[in-house]
Each structure stands twice: as C-alpha cells, then as structure tokens.
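Visitor: Structure below; questions to follow.
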Amino acid sequence: MKNVLVVGAGYAGSVVAREMADAGRRVFVVDRRHHIAGNAYDEHDAHGVLVHRYGPHIFHTNAARIFEYLSRFTDWRPYEHRVRGIVNGRAYPFPINRDTLNQLYDLDLDEEGAAGFLEQAREPRDPVRTSEDVVLNSVGRDLYEKFFLNYTRKQWGLDPSELKAGVAARIPVRTNTDDRYFTDTFQAMPLHGYTRMFEAMLAHPNITVELGVHFEDVRGDFKRDHTIYTGPIDAYFGYRFGRLPYRSLRFEHEHLPGVHRYQETGTVNYPNDHDYTRITEFKHLTGQQHRGTSIVREYPQAEGDPYYPVPREENEALFKRYEELAKAERDVTFVGRLAQYRYYNMDQVVGAALAAARRLLY
C-alpha cells in the first residue's frame with residue numbers, strides 16, 4: 001500500500017492521513033468543503049472573534065492516549081463547559097444536579113436528600129428501551145417534561161419514546177452540586193483553535209490536500225492502493241437501499257458589538273421556548289478578550305448537511321445492510337461518524353481512526 005486516497009478532512013480522515021503519512025505512505029486528501037477540520041472548523045468572524053462555524057465543539061476525554069496524540073498538534077487551554085437550561089424564564093444548572101432541584105422546587109436538599117427526592121420522583125421502567133424510559137426511570141415526569149421532552153422533539157424531530165435509550169443516557173443526573181457538563185479527566189480547548197490543530201496534523205510532506213473536491217469527481221480517476229472513506233456510507237453506495245436518516249442543523253451567527261458577556265455560561269439550552277435549541281457564546285470557550293461578543297443559535301432541521309445519525313432500531317437495521325456491502329469492498333476502509341453511522345464524540349472518532357490505521361499498517 002503506497003498511495004492512499006482519504007475522503008474527508010475532518011477528524012477521521014485527518015488522523016488516518018497523518019498515521020499513513022508517518023508510516024511512509026503518500027496520502028491524497030480530498031474534501032468537498034473549502035476548508036479542513038470538518039464540523040470542528042473554527043475561524044475568526046468579520047469582527048475578529050474566533051467562532052465555531054458549525055456549532056460548539058468542546059473537547060473532553062478520559063483516554064490519556066487520545067489527549068496525548070492530539071497534543072502533538074496543539075497546546076491546550078483548560079476549559080470546563082457549563083450549561084444552563086431555561087425553564088419558565090429562569091436559568092437552572094444542566095445536567096440536573098442538587099442545585100437544580102433546590103432552585104426549581106425551593107428546597108434545601110443535601111446529597112442524600114437529593115437522592116431520596118429523585119427516588120420518589122422517578123417512574124421505574126423495565127425494560128429501558130427508549131430515551132423516554134431512561135429519563136422517566138431516572139428523574140420522573142416533571143423534570144422530564146421541563147428539561148427533556150420538548151428539547152428532544154426540537155433536536156431530533158421525534159418524541160423521546162421514538163429514540164433509542166443511548167441518546168438520553170449521554171446526559172447524567174447528579175445528586176451533588178457539580179455543574180460541569182462533562183466530568184472527563186481531560187477537558188480543554190485547542191489553544192489556537194481547532195483549525196490550527198488540523199493544519200498541524202496535515203502538515204506533512206507525504207500529505208497533499210485538495211479542497212472543494214467531491215469524491216465522485218475523483219472516484220474513478222485517482223490511482224490508489226487504498227481508500228479511506230469518511231463520508232456517509234449510504235452515499236458511497238449510491239443510496240442503494242434508500243437514504244439513512246440524519247439530523248441536520250442551521251446556524252444563526254450574530255455579533256453583539258460592545259457586549260462583553262451575553263450569558264452566564266458557554267451554552268444556554270432553551271428546551272421549551274423558541275425554535276432554536278441553544279445559544280452558545282464563544283468567548284467562554286476560547287477565553288478570547290474582545291470588546292464585543294459573538295453567539296450562535298442552533299436550529300435543528302431535517303434537510304441539510306448530515307450531522308447526527310438518528311438512533312432508531314429501523315435505522316440501525318438499514319445501516320447494517322450498508323455495512324455488509326462495506327465489508328465486501330476491497331481496499332476501502334470506512335471510518336467516522338457518517339461512515340460508521342455512529343453518534344461519536346470527537347475523542348471517539350480519533351480512537352476509531354487510530355484503530356483503523358493500526359489495522360491497515362500492522
């Protein structure tokens with residue numbers, strides 16, 4: 001294997017490209033977008049504020065090897081993400097913790113009392129099959145309706161009872177006062193942004209990157225020994241069995257001149273109000289000093305670029321049909337959120353890409 005074509009310059013493609021290049025392979029990377037870094041792409045807006053073009057990306061992992069791998073390409077800014085959820089006009093810590101319960105219900109619970117409160121509130125579900133089951137089993141009907149039900153409907157265009165349990169299981173419930181969104185060992189932001197990190201990753205004499213190039217335009221022409229494909233798996237096979245459902249997003253960016261701080265935390269969720277799900281203010285994430293501030297509102301939608309595989313049993317069954325085709329492909333490796341139809345976090349994509357590279361090289 002001497003010449004490798006990598007389709008996609010996001011995490012999966014860039015990590016595999018770097019591993020192949022370090023091993024002496026000649027790597028040609030194409031991406032249909034006009035930039036690298038995939039959905040993690042960040043840039044300075046017209047006002048000089050560093051923003052995440054495709055919504056907030058917060059790096060967190062418990063895997064030291066993943067953090068150490070990316071540390072080859074960036075220095076870090078320590079950052080612990082915090083979120084508030086707006087219910088009836090007031091902001092509460094989210095994920096739900098003891099402070100959420102005390103503020104929402106005007107209580108004075110200690111940790112044991114919070115655990116007892118949730119035990120009384122929960123609606124036991126057995127078996128736990130859906131996201132609705134997960135939340136009702138954990139916090140009961142009132143908290144479910146205040147924080148989860150309408151947010152999920154907006155985010156996925158589906159009721160929580162129609163989604164697999166894993167969606168809601170990603171969000172913890174705490175009886176202490178820890179208001180961090182994540183509790184991973186390593187939580188940080190690339191010091192100079194994600195795009196700069198990707199530039200360093202792809203800066204190798206064996207790597208050539210061409211942007212604004214669709215896979216179909218080079219599929220039959222480019223001579224290679226192997227292809228790393230990180231795009232939608234159904235697109236690779238011409239949607240032979242029909243399209244896999246993905247959820248998309250529309251982003252409404254806004255700069256607020258002369259506003260030092262727009263909101264209390266990096267992200268504020270709006271489960272019950274507005275058509276958007278959340279607002280993120282980027283200066284919280286980056287630590288940048290600027291006279292103004294820039295925010296983004298996220299509007300989930302059915303059409304548009306694929307962001308999230310929709311986790312339902314029938315969709316998984318359809319993916320399995322495509323996966324069987326993928327297994328039969330000679331000299332092609334499918335890796336990444338879209339190619340594997342998995343709701344991966346960033347560190348999980350890096351891990352999957354490193355594992356794919358190891359299989360190819362060793």
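What follows draws every value from the coordinates through simple rules; no lab data is involved. What you see is a predicted model; the values in this text were computed from it and never measured. Virtual Cβ from ideal backbone geometry, glycine too; neighbours counted across all protein chains shown.
Visitor: If I build a Gaussian network model for the chain, linking alpha-carbon pairs within less than 10 angstrom, which residue out of Y322, Y79, Y239 has the largest mean-square fluctuation?
Guide: In the Gaussian network model the winner is Y239.
Visitor: May I ask you to work out the translational diffusion coefficient for segment 32-136 at 25 °C, viscosity 0.890 mPa s, via Stokes-Einstein with Rh from the Kirkwood sum over Cα pairs, reported in whole µm²/s?
Guide: Approximately 134 µm²/s, per Stokes-Einstein.
Visitor: Farthest toward the dipole's positive end in segment 96-169, which of L158, V134, L118, given Cβ charges of +1 (Lys, Arg) and -1 (Asp, Glu) about the Cα centre?
Guide: Farthest towards the positive end: L158.
Visitor: If you place +1 on the Cβ of every Lys and Arg, -1 on the Cβ of every Asp and Glu, and leave all else neutral, what size is the dipole of segment 96-169 about its Cα centre, to the nearest 20 Debye?
Guide: Its charge dipole is roughly 480 debye.
Visitor: At 1.567 mPa s and 4 °C, plugging the Kirkwood radius over alpha-carbon pairs of segment 96-169 into Stokes-Einstein gives what diffusion coefficient in µm²/s?
Guide: The Stokes-Einstein estimate is 102 µm²/s.
Visitor: Here is a further query. Report, please, the projected area of the chain averaged over directions, based on the convex hull of its C-alpha atoms, in nm².
Guide: Approximately 19.0 nm², given one-decimal rounding.
Visitor: Residue separation times 0.36 nm, minus the C-alpha to C-alpha distance between L107 and R72: what's the value?
Guide: Between L107 and R72, full extension yields an extra 7.8 nm.
Visitor: Could you derive backbone 3J(HN,Hα) for segment 79-93 from the dihedral phi with the Karplus parameters 6.51, -1.76 and 1.60 (θ = phi - 60°), listing whole Hz in sequence and x where the residue is Gly or Pro?
Guide: Calculated HN-Hα couplings, in order: 7, 10, 6, 10, 10, 10, x, 8, 10, 6, x, 10, 9, 10, x Hz.
Visitor: Moving on. Using only Cα atoms and rounding to the nearest 10 degrees, what angle (0 to 90) does helix 111-121 make with the longest principal axis of the chain?
Guide: Helix 111-121 sits roughly 90 degrees off the main axis of the chain.
Visitor: If you bin the C-alpha pair distances of segment 316-362 every 5 Å from 0, what whole percents do you get?
Guide: 5, 21, 26, 25, 19, 5, 0
Visitor: Cα-based count: Lys pairs in the chain below 23 Å, eight or more positions apart or different chains?
Guide: Total qualifying Lys-Lys pairs in the chain comes to 7.
Visitor: Further, regarding this structure: Return the distance in nm (one decimal) between the two label points of a simple spin-label model at R129 and D275, each offset 7 Å from Cα along Cα→Cβ.
Guide: The modelled label-to-label distance comes out at 3.4 nm.
Visitor: At R291 and R342, where each label point lies 7 Å from the Cα along Cα→Cβ, what is the point-to-point distance in nanometres?
Guide: Going by the 7 Å Cα→Cβ label model, 4.8 nm.
Visitor: Now for a different question. So what is the 222 nm mean residue ellipticity for the chain from helices alone, if each DSSP H run of at least 4 adds -39500 (n - 2.57) and you divide by all residues, rounding to the nearest 500 deg cm²/dmol?
Guide: -8500 deg cm²/dmol
Visitor: Could you give the length gained on full extension between E252 and K327, defined as 0.36 nm per residue of separation minus the Cα-Cα distance, in nm?
Guide: This chain segment gains 23.1 nm when fully extended.
Visitor: What's the center-to-center distance, using Cα atoms, between segment 161-208 and segment 3-63 in Å?
Guide: When both Cα centres are located, 14 Å separates them.
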